[in-house]
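Read-outs: derived from the displayed coordinates by stated rules, not from any lab. These figures come from a predicted structure and were not determined experimentally. Quick reminder, even Gly has a Cβ in these numbers, built from the backbone with ideal geometry, and neighbours come from all protein chains shown.
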Amino acid sequence: MKIIALFIWVILCNSASGDCGCQNLDRKTTADKPPLPDKVCLQRKRGANSHYRDYYGELEAEAEIKDMSLIPGGTVSVGTDEPHFSADREAPERQVKLHDFFLDKYEVSNDAFAEFVLSTNYTTEAERFGDSFLFKTLLSSLEQKDLEDYRVASAVWWYKVAGVSWRHPNGADSNLDNLGRHPVVHVSWRDAVEYCSWAGKRLPSEAEWEASCRGGKERKLFPWGNKLMPRDEHWLNIWQGDFPDGNLADDGYEYTCPVDAFRQNVYDLHNMVGNVWEWTADLWDANDVSQNPNRVKKGGSYLCHKSYCYRYRCAARSQNTEDSSAGNLGFRCAKNA
Ligand SMILES: [Ca+2]
Ligand SMILES: [Ca+2]
C-alpha cells in the first residue's frame with residue numbers, strides 16, 4: 001500500500017485588480033457514501049497537514065484509483081470575506097458540506113484526451129465551429145493584422161482563429177509534438193463533460209474544486225498557503241513581466257507546462273492554480289436556464305498576472321459559456337468515493 005508522503009510547508013502573505021478579459025470568449029460576441037464529519041474534524045485538530053495522512057490511513061483500500069486523490073469531505077469553507085474581485089462574487093466565505101470524493105491529480109492531458117477521441121471518434125465543439133480563441137503572441141504580426149476584426153472587443157489580445165482546436169493548440173499549423181503531457185486546451189464545457197463521462201468520472205462542483213485547492217487549510221490564498229513564492233521558488237505557472245507584452249517566463253514556461261510540473265498541496269494535486277483554467281460542473285448563475293449558460297471555471301492560467309488577473313487563488317472564479325474554448329482553458333475530473 002502506498003504511503004502518502006507529507007511535506008510540512010511553512011508559509012506566510014500577499015494581495016490586486018483588473019480583468020484578464022478571458023471570461024468574454026463567447027463566439028457570438030466577436031448516491032453517495034455518507035460523509036465522516038466527526039472523523040475529519042478530529043483529524044483536522046491534530047494539525048494543518050496531518051489529517052490527510054490519518055484519513056488516508058483508514059481508507060487505504062479506497063485510495064487506489066490511478067492518478068486520483070481521495071479528498072476528505074465534511075464541512076469546508078469556500079469563498080472569502082476579503083474578495084479581490086467583488087463582481088466575481090468571491091465573497092462571502094461560506095460553509096458547505098461535501099461527501100468524500102476523488103479528484104484527478106492532474107489536469108487532463110493531450111495524451112489522455114487523444115485516448116478518448118480514439119475510442120469514441122468524438123469531435124470537439126471547436127472542431128465543429130472551425131475555430132477557437134488564441135492569445136496574440138501565438139500569431140505573427142501579419143496574422144494579427146489580418147485578424148484584427150476577430151479580436152475580443154473587451155480583451156484585444158484574444159483572437160478567434162480558424163483551424164485552431166485541441167489538435168492544433170498553438171495555431172492552425174501547430175500540432176501536439178512534445179505536448180502529450182501538457183493539458184488539453186480548446187475544449188468546451190460540454191467536451192469536458194463528455195470526456196469525464198467516458199472515463200467513468202464527472203466534473204467537480206465548484207465547492208469540491210475549491211476544497212481540493214485549499215488542501216485542508218482555511219483562509220489561505222493558494223493551495224500551499226499565503227506566500228506566492230515560498231523559498232523564492234515558483235509554485236505555479238503564471239505570467240511574470242508586463243501583461244500582455246513581455247512575458248519573462250521566469251517560472252520556466254511561456255505557455256502551458258506539463259500537467260505534473262507543479263505539485264501544490266498535501267492532496268498531491270498539481271497545477272490547481274495556474275497553467276490552465278479548469279471547468280467545473282456549476283452554473284455561474286444557478287437560475288440560468290438559457291441554451292448556452294455560463295459555467296464556473298477555477299484556478300487561473302499561465303496568462304494570469306497579479307496586476308491584471310489575480311485569479312490564481314483558490315477563492316477566485318470566472319466564467320465562460322458552455323460552448324467556449326480557448327488556449328488557456330482545460331479541466332480535470334472528479335469521481336464519487
Ligand atoms: Ca509562466
Ligand atoms: Ca489549473
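For the reader, a short list of remarks on this structure follows.
- Listed by position, the strands (runs of 3 or more DSSP E) contained in segment 89-163 that have at least 1 residues being more than 30 Å from Ser212 (Cβ to Cβ) are 131-135, 155-162.
- You will find that of Pro230, Pro204, the residue that is over 28 Å from Asn178 (Cβ atoms), in contact with a Phe, Trp or Tyr (Cβ under 8 Å, 6 or more places away or on another chain) and surrounded by fewer than 20 Cβ atoms within 10 Å (Cβ to Cβ) is Pro230 and no other.
- Taking segment 180-214 as the range and being among the acidic types (Asp, Glu) and under 13 Å from the mean Cα position of the chain (by Cα) as the test, the residues that pass are Glu206, Glu208, Glu210.
- Residue within segment 236-248 that is within 19 Å of Ala315 (Cβ to Cβ) and over 15 Å from the mean Cα position of the chain (by Cα) present: no
- Close pairs (6 angstrom Cβ cut-off, 6 or more residues apart or separate chains): away from ligand 2 (no atom under 16 Å from the Cβ) in segment 241-263, in a loop (DSSP other than H, G, I, E, B) anywhere: Gly241/Leu248; Phe243/His305; Phe243/Tyr308; Asn247/Trp239; Asn247/Glu254; Leu248/Gln240; Asp250/Gln240
- Subset of segment 233-244 (residues that are surrounded by fewer than 18 Cβ atoms within 10 Å (Cβ to Cβ), touching a strand residue (DSSP E or B) at 6+ places or on another chain (Cβ under 9 Å) and on the phi < 0 side of the Ramachandran plot): Gln240
- The set of residues in segment 217-227 being more than 16 Å from ligand 2 (Cβ to nearest atom) and crowded, with 24+ Cβ neighbours inside 10 Å is empty.
- Qualifying residue in segment 181-198 (condition: in a helix (DSSP H, G or I) and over 29 Å from Ala114 (Cβ atoms)): no
- From the list Ser212, Ser165, Ser174, the lone residue that is small (Gly, Ala, Ser), away from ligand 1 (no atom under 16 Å from the Cβ) and surrounded by fewer than 20 Cβ atoms within 10 Å (Cβ to Cβ) is Ser174.
- Note on segment 259-294: residues that are under 21 Å from Ala326 (Cα atoms) and among the β-branched types (Val, Ile, Thr) amount to 4.
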